[in-house]
Amino acid sequence: MAVLAEAPAVRESRRMADERSENQPDVGSSTPASTQGSSGGRAQTLAWQGIANSIVRGLLRVPLLSRGVGKRLITLYVVGRKSGKRYAVPVAYTRHEGTLLIGTPFGWGRNLRTGVPVEVRFKGRRRVADVVVVTDEDAVVNDYAVMARDNRNFATFNKIGIDPNGDPDPTDLRLAWAAGARSFRLTLREGRLTLREGR
């Protein structure tokens, strides 16, 4: 009931988050897009996140190691929509309904667009994936619930509580959306094709 009563305020918070994200840097920021320049926010990176990301990217490139590490992580090769710079972003995924489901409130997610393929490193192999960007409140909440049930680290990182039955807290899910969370459904193309080879 509390979520329903707060719905207009949550939607207004999300609208403001989306407006602020239009002026955000392409990628590389460790602050959620909705909270850059303000205090607060839900998901937060660690002080040593850049070092951790470099190590994870390296592990995901090693064929044997990537099978273990890659059970939960892929690397996305994101191109900045304004700068054109390329970034390698390691991110957790959940297999769901034939797709790799990922979610983030961070600025790099604004560079992914529906219908524009992205290169990924999946289980040690460079692949191309088709992207569907999800921003609708109910759809993002549903996708985040799927990811939080599947991956408790994802839930913890995004400050989503889990009840004794393993279900995510509905209020936390809506607050994640209000703070700028988006979800992305990636469908891997067959073969080891890269975007340059596919053109």
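Out of the stretch 72-105, which residues are closer than 27 Å to R174 by Cα, basic (K, R) and either at pLDDT below 90 or surrounded by 13 or more Cβ atoms within 10 Å (Cβ to Cβ) (or both)? Give the steps one after another, and end with the answer.
Taking the stretch 72-105 as the starting set, the residues that turn out to be closer than 27 Å to R174 by Cα are 72-76, 78, 89-105.
In the following step, the residues that additionally are basic (K, R) were identified as 72, 95.
Once the filter is applied, which keeps residues that are closer than 27 Å to R174 by Cα, basic (K, R) and either at pLDDT below 90 or surrounded by 13 or more Cβ atoms within 10 Å (Cβ to Cβ) (or both), the stretch 72-105 yields only R72.
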| query | Residues of the stretch 76-94 being farther than 16 Å from V116 by Cβ and free of Cβ contacts under 8 Å to residues at least 24 places away in the same chain, which ones? | reply | V91
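Would you check which residues across the stretch 160-184 are touching a Gly at 6+ places or on another chain (Cβ under 9 Å) and either within 18 Å of A92 (Cα to Cα) or crowded, with 17+ Cβ neighbours inside 10 Å (or both) and list them? Before you say what the answer is, go through the steps one by one.
So the first thing to find is which residues in the stretch 160-184 are touching a Gly at 6+ places or on another chain (Cβ under 9 Å), and the list is 168-169, 171-172, 176, 179-184.
Selection gives P168, D169, D172, A176, A179, G180, A181, R182, S183, F184.
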| Do you know which residues across the stretch 79-96 are farther than 15 Å from G107 by Cβ, in contact with a helix residue (DSSP H, G or I) (Cβ under 7 Å, 6 or more places away or on another chain) and not aliphatic (A, V, I, L, M)? | P90, T94, H96
| request: Kindly indicate whether any position in the stretch 103-114 is under 14 Å from M147 (Cβ atoms), assigned to a strand (DSSP E or B) and under 14 Å from the mean Cα position of the chain (by Cα). | output: yes
| task | Could you please give the count of residues in the stretch 124-144 that are crowded, with 16+ Cβ neighbours inside 10 Å, more than 13 Å from T99 (Cβ to Cβ), out of contact with any Asp or Glu (no Cβ under 8 Å at 6 or more places or on another chain) and not acidic (D, E)? | result | 4
| What number goes with the only condition from (1) within 11 Å of the chain's Cα centre (by Cα); (2) assigned to a strand (DSSP E or B) that Y144 does not pass? | (2)
| said: For the stretch 174-193, give me each residue that is under 20 Å from F122 (Cβ atoms) and either touching a strand residue (DSSP E or B) at 6+ places or on another chain (Cβ under 6 Å) or in a helix (DSSP H, G or I) (or both). | reply: S183, F184, R185, L186, T187, L188, R189, R192, L193
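The values are calculated or read from the model by the stated rules, or taken from the named source; none is laboratory data. Bear in mind the structure is a predicted one, so any value in this text is a computation, not a measurement. Here Cβ is always computed from backbone atoms with ideal geometry, including for glycine, and neighbour counts include all displayed protein chains.
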